[in-house]
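Colleague: Before anything else, here's the structure in question.
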Amino acid sequence: MKKKLMTISVAVLALAVFLMLPACRPPEPEVATLKVGCIMPFSGPASPWGDAIKPQMEVYAELINEDGGIKIGNETYQVEMFFADGEYSPEGGSRAAKELVYDKKVSFIVGYYGDGFPATAAVTNPEKVIFISKEHPDFDPLGKHPYTVIGTPVIEFVDTQILAFVEAYPGTTMVGDLESTLVEPMLEKEIAQAKAELEERGIGLFSQTHPVGITDFTTYLVKFDEEGVDLIYTWAATGYVAMMAKQSAEQGYDWHLCQAGTMLDPYEFAEMAGYEAAQGTMSDWPCPWALKKVEVSPELLEMAGRIADRYQEKYGEPMRYMGGFGYGLQHMSQLFAGLEKAGTLDPDQIMDTFKGGTFDTFLGEYTLSGEKTYGSLLGFGYPNCLSKLEGYEEVYASEHPILEIP
C-alpha cells in the first residue's frame, strides 16, 4: 500500500513540475522591429494610386518577414509598415508625416506620392527621419533636407522619357508637348533639354500649355495638327490623357499619346477613351521583368515575381498596376539596400552610405548621382521603360534609362 501511495505521489510531483516548466522557461527574446512609414493619398481624387500601391507594399513586407527579415549589422529586423493619408496636398502631407513620426515613431518614410514635399520634409528632416521621395524642385540636401533621398527622379527623367517615346516610333518628325500652367514651369528646363536633343536627331518639338482643370482639348489638338505633330507627350493624369485620346479620335487624328505616369487600369482607360482610341497609348512602365536595358539582380527579380504571385493569391486578380515598382516597392528596396550596406540604424551613417553609393533595386543597379542638379549625390536613376496599350494589356515598347543625374 505504501509503495502504491509513493508511486502516486511521485507521479503527482512530476506532473506538478511539468506544469510549472513554462513559467520557469526564459522569456522569448523580443523581435527587433523596423518601423517604416509611407505617405500616399488614400482619400480624394488621387486615392486610387495610393489604394493600388499600399497592398503591394504590404505583400513585400510580409514576404521579407517570412524570409527572416532584414539583416542590419549583427541584428535582424522584422518590417512593420505604417501608412498615412497625405491627401495629395501640402497640408495632408504635413499631417501624415507628424502622425508617422510623432505617433507611430517610424524611422523611415518611403513611397511618397503627393504634392506637398516641402511641408512633409519640414517634419521629417529635423527628426532625422530618412525620407525617400519622388523628386521635387525644392529639394535642398545641403540645407533643409539633409535626410532625404530622391528615389524616383520624376523631373529629371522627362527628357529621356521623351526620347524613349520617339524611339518607339521611328520616322517621327515632330513631337507635341501639352502641359498645364501648373506643371509647365517645373518642367521648363527638361523640356528645353529634350527639344535640343530632338533637334540633333532632326525632330522638332512644339509645346503648348493649358489652364488647370480643363476637359476640352480640341483647340490644342487642332494646333498640334497644324504644326504637323506625330506624337503627343504630357504629364497629365490618366483621366485627362483618356480625354485627349478620345477627342483626338473624334477629330480623326491618328497620332499616339504618351503619359509620363503609369497607367492605373487599362480596362478603365479603354472605357474612358474608347477602345480604339486607347490603342497605342504609352505610359511609364516600371516592370522589373520587362526591362531590357538595365539589369535587375536575380534575387530582386525573383522577389518581384513572388510579390505578383502573392498579390494574386491574396486578392484573386493579377497585379496589373506596375506603378508600385516605381514608387513604394522601389523605395522599400532602396531603403533596405542602404540599411544592409550601412550596417547600422544611425541616420547620419545611413545618409553617408547613400551618398554616391551603388545599390541593387527592383529597377536595376544605380549609383546615386546629382552633384550638379542637387548639390549632392543623392538621386537614384530610372529605367524609363514605356509600355504600349495593345487590347487591354500593356506591352513593352521602348526604354531609355537615366543612369546618371547630372
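Colleague: Just to check your reading of the model, which residue among TYR327, TYR315 is surrounded by fewer than 14 Cβ atoms within 10 Å (Cβ to Cβ), closer than 23 Å to PRO48 by Cα and touching a residue at least 60 places away in the same chain (Cβ under 8 Å)?
Modeller: Unique residue meeting the criteria: TYR315.
Colleague: Are any residues in segment 140-164 modelled with pLDDT under 95 and either of a type in the set (Phe, Trp, Tyr) or in contact with a Lys or Arg (Cβ under 8 Å, 6 or more places away or on another chain) (or both), and if so, which ones?
Modeller: Scanning segment 140-164 gives VAL154, PHE157.
Colleague: Next up: Using the structure shown, decide if GLY37 is modelled with pLDDT of 95 or more, over 16 Å from the mean Cα position of the chain (by Cα) and either surrounded by 12 or more Cβ atoms within 10 Å (Cβ to Cβ) or not β-branched (Val, Ile, Thr) (or both).
Modeller: no
Colleague: In segment 216-274, which residue that is of a type in the set (Gly, Ala, Ser) and touching a strand residue (DSSP E or B) at 6+ places or on another chain (Cβ under 8 Å) is surrounded by the most Cβ atoms within 10 Å (Cβ to Cβ)?
Modeller: Among residues in segment 216-274 that are of a type in the set (Gly, Ala, Ser) and touching a strand residue (DSSP E or B) at 6+ places or on another chain (Cβ under 8 Å), the one surrounded by the most Cβ atoms within 10 Å (Cβ to Cβ) is ALA245.
Colleague: Within the set of pairs 6 or more residues apart or between chains, which connect a residue that is outside any strand (DSSP E or B) inside segment 231-246 to a residue that is small (Gly, Ala, Ser) and surrounded by 20 or more Cβ atoms within 10 Å (Cβ to Cβ) with Cβ atoms less than 7 Å apart?
Modeller: Pairs that qualify, where the first residue is outside any strand (DSSP E or B) and the partner is small (Gly, Ala, Ser) and surrounded by 20 or more Cβ atoms within 10 Å (Cβ to Cβ), are TRP235/ALA260; ALA242/ALA273; ALA245/ALA273; ALA245/ALA277; ALA245/ALA278; LYS246/ALA273; LYS246/ALA277.
Colleague: Let me ask something else about it. Scan segment 122-137 and tell me whether some residue there is of a type in the set (Ser, Thr, Tyr) and either assigned to a helix (DSSP H, G or I) or more than 28 Å from LYS104 (Cα to Cα) (or both).
Modeller: yes
Colleague: If ASP138 meets every condition in (1) closer than 22 Å to PHE380 by Cβ; (2) in contact with a His (Cβ under 9 Å, 6 or more places away or on another chain); (3) buried (at least 20 other Cβ atoms within 10 Å of the Cβ) apart from one, which number is that one?
Modeller: The single condition ASP138 does not satisfy is (3).
Colleague: With respect to the numbered conditions (1) under 18 Å from the mean Cα position of the chain (by Cα); (2) outside the structural domain of GLY323 (by TED's automatic domain parsing), which one is the sole condition not fulfilled by LEU378?
Modeller: For LEU378, the failing item is (2).
Colleague: Still on this structure: Regarding segment 125-134, can at least one residue be identified that is in contact (Cβ under 8 Å) with a residue 24 or more places away in the chain, assigned by TED's automatic domain parsing to the domain that holds GLN334 and within 16 Å of PHE42 (Cβ to Cβ)?
Modeller: no
The values are calculated or read from the model by the stated rules, or taken from the named source; none is laboratory data. Keep in mind it's a predicted model, so treat the numbers as computed, not measured. Cβ atoms come from the backbone with ideal geometry, glycine included; neighbour counts cover every protein chain shown.
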